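Taking it in order: structure first as structure tokens, then the write-up.
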Amino acid sequence: MKISLQYVNDVSGHTQAVQLPVADWEKILSKLRKYEQALQLKSDLTEALEQVKELRTGKTKKQTLNEFLDEL
């Protein structure tokens, strides 16, 4: 994806801001949201697998379905 950027400089020539078309910004936000969702899914799966490991090794007490439902 090629993005048309415009740089805003102060009187000394130092870059102070970057401007880009709204359509490009919306594409970037859309991709960012997808990456955030993928990262959250990876984190959730990692946590779930760690819980399974703890259950298998006996570090965590197993819970019945009724106990689980009672917590809701």
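Here, each number is a calculation from the coordinates, and none is a lab measurement. These figures come from a predicted structure and were not determined experimentally. Don't worry about glycine lacking a Cβ; one is built from the backbone with ideal geometry, like all the others, and counts go over all protein chains shown.
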May I ask you to list the lysines whose Cα is less than 24 Å away from that of residue 42, ignoring any residue fewer than eight positions away on the same chain?
27, 31, 34, 53, 59, 62
Kindly state, to the nearest 0.05, the FRET efficiency for residue 59 paired with residue 31, given R0 = 35 Å and r defined as their beta-carbon distance.
0.35
When the C-alpha atoms of the chain are aligned to their principal axes, what extent does each axis show, in angstrom, from largest down?
67, 25, 23
The answer for the net charge of residues other than residue 49 whose Cβ lies under 13 angstrom from its Cβ, with Lys and Arg +1 and Asp and Glu -1, is -1
With charges set only on the Cβ (+1 for Lys and Arg, -1 for Asp and Glu), what does the dipole of the chain come to about its Cα centre, in debye to the nearest 20?
360
Residue 39-residue 3 pseudo-label distance in nm [points 7 Å out on the Cα-to-Cβ vector]:
1.5
